[in-house]
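All of the numbers you see were taken from the coordinates with simple rules; none came from a lab. Since the model is a prediction, treat every value here as computed from it, not as a measurement. Counting neighbours? That spans all protein chains shown, and the Cβs are built from the backbone with ideal geometry, glycine included.
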Amino acid sequence: MIIDILNQDVPTPAGLIETVLRSSGVAHLASLHPSPVGDVVVVRWDDAVTAVVPEPHADGVLATYEQRTGVPAYADDVPPAQWSERIEHALASGKGSRIKVALVGVTEFQKDVLAATALIPVGETRPYSWVARESKHSSAVRAVGSALGRNPIPLIIPCHRVVRSDGSLGHYAFGTPMKAALLDAEEMMPRVDAPLVGALRGEVVCYPTCRHARRIKHPVPFSSVGSAAQAGYRPCRDCRPV
Amino acid sequence: MNERDVLRRIVEDRPAGFVSMVRWSSPELYRGLVRLVRNRHTAEDLAQETYLRAWTALQGYSDERIAEMRLRGWLWTIAMNRARTHLGRASAPAVQDKEAPDVGEWVADSDECERLLSLLDESARTVVVLRHVVGLPYREIGSIVGRPIGTVKSDVHRAVRRMRESGRPTDDH
């Protein structure tokens, strides 16, 4: 039948869809870069990072990328030199706040948690309760921990800088030893083993890793913002202890 | 996925919706373009151009406008505009011509479908491809080629009759 002949299929060339999605700039691009935790695949959309994945796990993450985000991620074997420089510098120095990020396929809650986490400066740490409060979800400390565990952009969004109030490191997707190593590399080891510190004749109480606290010659330890307040100390406006 | 799902996806998320649209429409777009321009390489280039223009346009459309779109017809209008200069070309260079570029990309005269379509003039070929290769409704074809539905219908019927008459005696009833 004529109509059947006209109807017959013409197979679509493999790669047509990929070419279209790449050339339109809609597809995300994945490139390999060195980092303090080993080689990582960094996925970007334009100039914003959407994911950082350790190389051994990359295939699995990229295979489900379109399912989670709605767009595929294709390999970019030779990324622009400018991009490589920027991202590798951010990974090596821990200064991820300079890199634009795009959180795709995450909940609003996660976005709030990760946005707060992104504020933690290099070499400093914050407790989970601080992240909960900063992200306006004070009562959801455990959920904060889970959300951090699912951080799609580790290293750039420094979930490794979120620790327990009791001083222990807490969980980390790459393992606690890696978390310790990263914090070590950032030279955050505080001189005082206490939740909070103030200067001897000071007015302000800080987290021990706060850059102001490091300059204190004679640190006075405090166990809480409350006990510090009783001694006449107000919370630091930079590290905002909770 | 159907057209409504795709449109909904485009409204809620332009990039993800575009991906859905490309996946949903590319087999049909490519197939139609190959039959229109008779060359696979050209058809691929045209498909790409069509989608690039579509993406640029979609980014500027409001949600309301997108929700009301007739997506297939809209895509094919863009595709026909891109394809215009490639239609009605002389058919594939003679196989003996080894200098001809992309000679392997031309749809061979031995392809039965191509043989039938080559019996038609450019305008008849276009409407037959849109109707019977792509499967667009007459209303859409009419607006794409800028002719009344009635005219398009009779052009298609006449072309099919022509192709039928050229067939082997064992064809058709």
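Only Cα pairs under 8 Å and at least 6 apart count here; give the relative contact order of chain A as a rounded whole percent. Please report the intermediate quantities before stating the final value.
Working: 368 pairs, mean separation 32.4, N = 242.
Rounded, it is 13 percent for chain A.
Which of the listed residues, A:159, A:148, A:172, is farthest toward the dipole's positive end in segment A:123-173, when Lys, Arg count +1 and Asp, Glu count -1 at the beta-carbon?
With unit charges placed on the Cβ atoms, the residue in question is A:148.
Suppose R0 equals 25 Å. What FRET efficiency, 1/(1 + (r/R0)^6) with r the Cβ-Cβ distance, do residue A:85 and residue A:176 give to the nearest 0.05?
Plugging the Cβ-Cβ distance into 1/(1 + (r/R0)^6) gives 0.20.
Relative to the compact-globule scaling 2.2 N^0.38 Å, provide the ratio for the alpha-carbon radius of gyration of segment A:97-186.
Normalised by 2.2 N^0.38 Å, the Cα Rg of segment A:97-186 equals 0.98.
Suppose only helical runs count, i.e. DSSP H with n ≥ 4. What mean residue ellipticity at 222 nm does that imply for the protein assembly as shown under -39500 (n - 2.57) per run, divided by all residues and rounded to the nearest 500 deg cm²/dmol?
Counting only the DSSP helices, I get -14000 deg cm²/dmol.
How far apart, in nm, are the 7 Å Cα→Cβ label points at residue A:194 and residue B:59?
5.6
I want to verify a result. In a Gaussian network model of chain A, Cα cutoff 10 Å, which of these has the top mean-square fluctuation: A:154, A:11, A:72?
Most flexible of the set in this elastic network: A:11.
Given a Förster distance of 45 Å, report the FRET efficiency between residue A:92 and residue A:9 from their Cβ-Cβ distance, rounded to the nearest 0.05.
0.30
Shielding by partners for A:11-22, please: the mean number of other protein chain Cβ atoms within 10 Å of each residue's Cβ.
6
How high is the relative contact order of segment A:1-142, in percent, counting Cα pairs under 8 Å that sit 6 or more residues apart?
Averaging sequence separation for qualifying contacts and normalising by length gives 18 percent for segment A:1-142.
Quick one: of the DSSP bridges fully inside segment A:95-242, what percent are antiparallel, nearest 5?
60
With +1 on the Cβ of every Lys and Arg and -1 on the Cβ of every Asp and Glu, and nothing else charged, how large is the dipole of segment A:1-150 about its Cα centre, in debye rounded to the nearest 20?
Roughly 900 debye for segment A:1-150.
Under 8 Å for C-alpha pairs, at least 6 residues apart: give me the relative contact order for segment A:16-90, rounded to a whole percent.
For segment A:16-90, the relative contact order is 30 percent.
For a bin width of 10 Å, list the pair-distance distribution of segment A:125-239 built from all Cα-Cα distances, rounded to whole %.
14, 43, 33, 10, 0
Over chain A, what number does the Rg to Rh ratio reach, with both radii from the alpha-carbon atoms and Rh per Kirkwood?
Result for chain A is an Rg/Rh of 1.14.
Under the rule that a partner needs its Cβ under 4.7 Å from the first Cβ, which Cys of the protein assembly as shown have none?
So, A:159, B:113.
What would the Debye formula give as log10 I(q)/I(0) at q = 0.07, 0.12, 0.14, 0.15 Å⁻¹ for the alpha-carbon point model of the protein assembly as shown, no solvent?
-0.52, -0.97, -1.16, -1.26
At q = 0.18, 0.20, 0.26, 0.29 Å⁻¹, what is the log10 ratio I(q)/I(0) for segment A:172-242, with the Debye formula run over Cα points and no solvent?
These q points yield log10 I(q)/I(0) values of -0.66, -0.77, -1.07, -1.25.
Sequence-distant or interchain residues sharing an amide H contact under 5 Å with residue B:39, placed H: which?
The answer is B:107.
What does the convex hull of the Cα atoms of segment B:1-64 come to per residue, in Å³, rounded to a whole number?
Per residue, the Cα convex hull of segment B:1-64 comes to 80 Å³.
Using only C-alpha atoms and all pairs of different ones, pull out the Kirkwood radius for segment A:1-121 in Å with one decimal.
One decimal place: 16.3 Å for the Kirkwood radius.
Give the Kirkwood hydrodynamic radius (Å, one decimal) of segment A:137-196, defined as one over the mean of 1/r across all pairs of different Cα atoms.
On the way: mean 1/r = 0.0806 Å⁻¹.
By the Kirkwood definition, the hydrodynamic radius is 12.4 Å.
Give me the one-decimal nm value for the distance between modelled label points at residue A:67 and residue B:151, 7 Å along each residue's Cα-to-Cβ direction.
5.2
Size of segment A:63-123 along its principal axes in angstrom, Cα-based, largest extent first?
Principal-axis extents of segment A:63-123 (Cα, largest first): 35, 35, 14 Å.
Write out the trypsin sites (Lys or Arg not before Pro) in segment A:135-189 meeting two conditions: DSSP loop, and at most 12 other Cβ atoms within 10 Å of their Cβ.
Listed in order of number, the matching sites are A:136.
Once phi is turned into ³J(HN,Hα) by the Karplus curve 6.51 cos²θ - 1.76 cosθ + 1.60 with θ = phi - 60°, what whole-Hz value does each residue of segment B:152-165 show in order, with x for glycine and proline?
So the J values, rounded to whole Hz, are 4, 4, 5, 4, 5, 4, 5, 5, 5, 4, 4, 5, 4, 5.
Kindly write out, for segment B:65-74 in residue order, the coupling ³J(HN,Hα) from the Karplus curve 6.51 cos²θ - 1.76 cosθ + 1.60 (θ = phi - 60°), rounded to whole Hz, with x marking Gly and Pro.
Working through the residues one at a time gives 4, 5, 4, 9, 5, 9, 4, 4, x, 4 Hz.
Fewest first, what order do A:239, B:113, A:206 take by the number of other Cβ atoms within 10 Å?
Lowest to highest Cβ neighbour count: B:113, A:239, A:206.
Only Lys, Arg, Asp and Glu count, each charged at its Cβ (+1, +1, -1, -1), so figure out the dipole size of the protein assembly as shown about its Cα centre, rounded to 20 debye.
Dipole of the protein assembly as shown, to the nearest 20 debye: 1680 debye.
Tell me which of A:121, B:37, A:235 sits at the most positive position along the dipole axis of the protein assembly as shown, charges placed on C-beta atoms (Lys, Arg +1; Asp, Glu -1).
The one lying farthest along the dipole's positive direction is A:235.
Residue by residue, what Karplus-based ³J(HN,Hα) values in Hz, rounded to whole numbers, does segment A:199-210 have, using 6.51, -1.76 and 1.60 with θ = phi - 60° and x for Gly and Pro?
Here the 3J(HN,Hα) series is 7, 3, 10, x, 10, 10, 10, 10, 5, x, 8, 4 Hz.
Output the antiparallel fraction of DSSP beta bridges having both residues in the protein assembly as shown, as a percent to the nearest 5.
The antiparallel proportion sits near 65 percent.
From the C-alpha gyration tensor of segment A:31-86, pull out the three semi-axes of the equivalent ellipsoid (sqrt of 5λ each), sorted largest to smallest, in whole Å.
So the three semi-axes of segment A:31-86 are 18, 14, 9 Å.
Which pairs break 24 Å Cα to Cα here: A:95/A:217; A:111/A:179; A:179/A:217?
Pairs exceeding 24 Å: A:95/A:217; A:179/A:217.
Could you work out how much longer the chain between residue A:237 and residue A:55 gets when fully extended? Use 0.36 nm per residue separation minus the Cα distance between them, nm to one decimal.
Working: separation 182, 0.36 × 182 = 65.52 nm, distance 3.90 nm.
Gain on stretching residue A:237 to residue A:55: 61.6 nm.
Taking amide H positions as placed in the peptide plane 1.01 Å from N, state which residues far from residue A:75 in sequence (5 or more) or on other chains have amide H under 5 Å from it.
Amide H neighbours of residue A:75, under 5 Å, 5+ apart: A:30.
Using only atoms on other chains, find how many Cβ atoms lie within 10 Å of each Cβ of peptide B:14-20 and report the average. Could you put the intermediate results ahead of the total?
Details: counts 2, 11, 7, 3, 6, 11, 2.
Per residue, the average neighbour count from other chains is 6.
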